[in-house]
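To start, the structure itself, in structure tokens.
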Amino acid sequence: MKKILLIIAFLSLYTIKAQIDPIKFPTYTNVEDALKSGKTVYSMSFREKGLFNIPPDLVKMDSLFFLNLMANKLEKMDNSIFSLKELEILNINSNSIKFIPDEIGELKKLTTFSMNLNSLTKINPNLSKLQQLKVVHFDANNLNVFPEALLEIPNLEEINLSSNQISFVSQDLNRIKNLKYLNLSANQINDLADVKFPEKIKYLELQENAIVKLPDYLFKSKSLEFLNVSNNNLKEISSKVKGLKGVVSMNLANNQLKDLPEEFTNLKNLKTLILAGNPMEKATIQKLKELMPQTQIYF
């Protein structure tokens, strides 16, 4: 699992780098070359350098907006990072960092913060001071509750907390008003009954948990397009599912479902429905196919 997540982390990094003009903003891989260039340095990558500490001269790069420290041997976030006031994208994936210092609140321009595959057990409340944040990734750490600090950042659009040990999700999730993508897969969630999902949520990943029932509030998510609740303990789906007017893809694989309510016929935009691994009889599947001819059903 860790290896798979590492590959995903690399792919995510390449996606970010693809947004950076390599001519206008060349990415330097060591401080010496950056200083010798005589140019303003905007982007630096120390990926897989075996670093235990940040190069001290990094503080001279006060125009940096992109910093990649992925796949090193860091056990803490050095203070030199927090001197980079122009930083917008910070990637510290695949290290051994156990906590985020209070100084994180000084990176006011940060929009993307990624700390996958570290050893975090909690998220510093000062993260809430980063009101420009749009993307946060804390996959594959040791978190056991949804970070309260994230509830104070309404501009967040993407949160990935997969492969942690989260069992509790705040009922006030809708305070993150602009949230469109949420990944809580591979955690220990079994109860979402009181959770209020943001109105703008489009992509919701809840697979590989222990969820026994989908909350009624979820079915009010008119903007939701992709829902994955595979590999849980669902025994039924509420008739209120008809409220998911915009859903395009739904993965219900590997649950305990024997049938689906007829209200699924109201989901006119549903193109893909995955039901593999449920104890459904062939006659039930055939009935669903007849009721939803516009939907490709996999079983």
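Quick check, is residue 221 within 19 Å of the chain's Cα centre (by Cα) and touching a residue at least 40 places away in the same chain (Cβ under 8 Å)? When the stated conditions are applied, residue 221 does not pass them.
Go through the residues of region 60-74 one by one and say whether even a single one is surrounded by fewer than 17 Cβ atoms within 10 Å (Cβ to Cβ) and within 22 Å of the chain's Cα centre (by Cα). Within region 60-74, not a single residue is surrounded by fewer than 17 Cβ atoms within 10 Å (Cβ to Cβ) and within 22 Å of the chain's Cα centre (by Cα). As a summary of the residue check, residue 89 satisfies the conditions (1) closer than 23 Å to residue 31 by Cα; (2) without any contact (Cβ under 8 Å) to a residue 40 or more places away in the chain except for the one numbered (2).
Taken residue by residue, region 238-249 has no member that is part of a loop (DSSP other than H, G, I, E, B), touching a strand residue (DSSP E or B) at 6+ places or on another chain (Cβ under 8 Å) and touching a residue at least 40 places away in the same chain (Cβ under 8 Å). Can you tell me which residue is farthest from the chain's Cα centre (by Cα) among those in region 8-36 that are in a loop (DSSP other than H, G, I, E, B) and modelled with pLDDT of 70 or more? For region 8-36, the residue satisfying everything is 30. Checking 39, 122 one by one, the residue that is more than 28 Å from residue 165 (Cα to Cα) and assigned to a loop (DSSP other than H, G, I, E, B) is 39 and no other. Applying the condition of being more than 18 Å from residue 218 (Cβ to Cβ) and charged (D, E, K, R) to region 143-191 and asking which residue is nearest to the chain's Cα centre (by Cα) yields 158. When residue 108 is tested against (1) within 30 Å of residue 63 (Cβ to Cβ); (2) within 15 Å of the chain's Cα centre (by Cα), exactly one condition is not met: (2). Listed by first and then second residue, the pairs with beta-carbon distance under 8 Å, at least 6 apart or on different chains, first residue in region 203-214 and of a type in the set (Gly, Ala, Ser), second surrounded by fewer than 16 Cβ atoms within 10 Å (Cβ to Cβ), are 210/188; 210/190; 210/233. For region 272-284, name all the residues that are loosely packed, with under 15 Cβ neighbours inside 10 Å and not acidic (Asp, Glu). Scanning region 272-284 gives 272, 276, 279, 282, 283.
The residue that is surrounded by the fewest Cβ atoms within 10 Å (Cβ to Cβ), among those in region 77-94 that are modelled with pLDDT of 95 or more and acidic (Asp, Glu), is 86.
The values are calculated or read from the model by the stated rules, or taken from the named source; none is laboratory data. Because the structure is predicted, anything quoted here is derived from the model rather than measured. FYI the Cβ positions are ideal-geometry reconstructions off the backbone, even for glycines, and counts take in every protein chain you see.
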